[in-house]
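Asks: Starting off with a structure, shown below.
The values are calculated or read from the model by the stated rules, or taken from the named source; none is laboratory data. Just so it is clear, the model here is predicted, and its values are computed rather than measured. Here the Cβ positions follow ideal geometry from the backbone for every residue, glycine too, while neighbour counts run over all protein chains shown. Only protein heavy atoms, including side chains, enter the accessible area calculation; ligands, DNA and RNA are left aside. Shrake-Rupley method; radii C 1.70, N 1.55, O 1.52, S 1.80 Å.
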Amino acid sequence: MARAESGIQNTPTQARVDSWTWAVRLFKTRSAAAEACRGGHVRVNGAPAKPAQSVRPGDEVRIRAGGVERIVIVERIVTKRVGAPIAAQCLIDRSPPPPPREILASMPRRDRGAGRPTKRERRETDRLMGRDES
């Protein structure tokens with residue numbers, strides 16, 4: 001157990017945003033975290049973050065991955081990947097709750113590879129989404 005907590009005992013005051021998000025298990029790999037930063041999917045305190053940007057305790061990190069937005073507050077800095085229980089202590093999760101399943105079920109979905117929607121399907125989708133102009 002002392003080995004797992006060794007990344008926390010000598011806690012640095014700052015870390016790279018890609019390294020920290022990987023260490024607290026918000027991304028599976030550090031390269032995926034860096035790619036998300038370069039793609040503009042990671043924001044620190046409201047500003048787009050480059051992979052090498054520093055994060056400090058108290059910073060707000062927003063991640064948009066897989067169609068879901070995660071909002072976390074940095075509680076502790078870790079630079080090595082840690083287990084899930086320790087990772088949960090390193091951040092405060094302020095993410096909005098996922099939408100109810102009823103809303104997700106009512107959203108129109110197209111089969112993968114079905115091609116572009118027809119004009120009729122676009123009108124039906126707009127009507128369901130409340131974007132109809134009539």
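Asks: Starting from the 7 Å offset along Cα-to-Cβ, what nm value, one decimal, do you get for the label separation of residue 95 and residue 31?
Replies: Computed distance between label sites residue 95 and residue 31 equals 2.4 nm.
Asks: So, one more: Between residue 73 and residue 122, what's the calculated FRET efficiency when r is the beta-carbon distance and R0 is 35 Å? Round to 0.05.
Replies: Efficiency for this residue pair is about 0.30.
Asks: What does the accessible area of residue 69 come to, in Å² to the nearest 10, when a probe of 1.4 Å is used?
Replies: Approximately 60 Å² of residue 69 is accessible to the 1.4 Å probe.
Asks: Based only on Cα atoms, what Rg/Rh ratio does segment 27-101 have, Rh being taken as Kirkwood's radius?
Replies: Computed over Cα atoms, the ratio is 0.95.
Asks: Can you list residues from other chains, or at least 5 along the same chain, whose modelled amide H is less than 5 Å from the amide H of residue 65?
Replies: Amide H neighbours of residue 65: 70.
Asks: Further, regarding this structure: Expressed in nm to one decimal, what extension gain is obtained for the pair residue 102 and residue 132 from 0.36 nm per residue of sequence separation less their Cα-Cα distance?
Replies: Here the segment from residue 102 to residue 132 would lengthen by 8.7 nm.
Asks: Over segment 27-134, average the accessible area per residue using a 1.4 Å probe and give it in Å², no decimals.
Replies: On a per-residue basis, segment 27-134 sits at 74 Å².
Asks: Shifting gears a bit: Out of the total accessible area of the chain (probe 1.4 Å, heavy atoms of protein only), what percent is carbon and sulfur?
Replies: The value for the chain is 50 percent carbon and sulfur by accessible area.
Asks: Okay, moving on. Of the peptides 91-97, 71-77, 27-33, how do they stack up when ordered by the mean number of other Cβ atoms within 10 Å, highest first?
Replies: So the peptides 91-97, 71-77, 27-33, ranked by packing, come out 71-77, 27-33, 91-97.
Asks: Here's a follow-up. Hey, got the Cα dimensions of the chain along the principal axes, in Å, largest first?
Replies: Cα spread of the chain along its principal axes, largest to smallest: 62, 28, 28 Å.
Asks: Also: Per DSSP H run of n ≥ 4, the term is -39500 (n - 2.57); total these for the chain, divide by its residue number, and report the mean residue ellipticity at 222 nm rounded to 500 deg cm²/dmol.
Replies: -9500 deg cm²/dmol
Asks: Then there's this: Please state the relative contact order of the chain as a whole percent: Cα pairs under 8 Å, 6+ residues apart?
Replies: With pairs under 8 Å counted, the relative contact order is 22 percent.
Asks: Give the peptides 47-53, 12-18 in descending order of average Cβ contacts within 10 Å, highest first.
Replies: Packing order, densest peptide first, comes out as 12-18, 47-53.
Asks: Next question, about the same structure. Please give the length that would be gained between residue 45 and residue 81 if that part of the chain were fully extended, namely 0.36 nm times their separation in residues minus their C-alpha to C-alpha distance (nm, one decimal).
Replies: Extra length from residue 45 to residue 81 when fully extended: 10.7 nm.
Asks: For the chain, set up a GNM with springs between Cα atoms under 10 Å and report which of 66, 46, 115 has the largest fluctuation.
Replies: Result for the chain, Cα springs under 10 Å: 115 fluctuates most.
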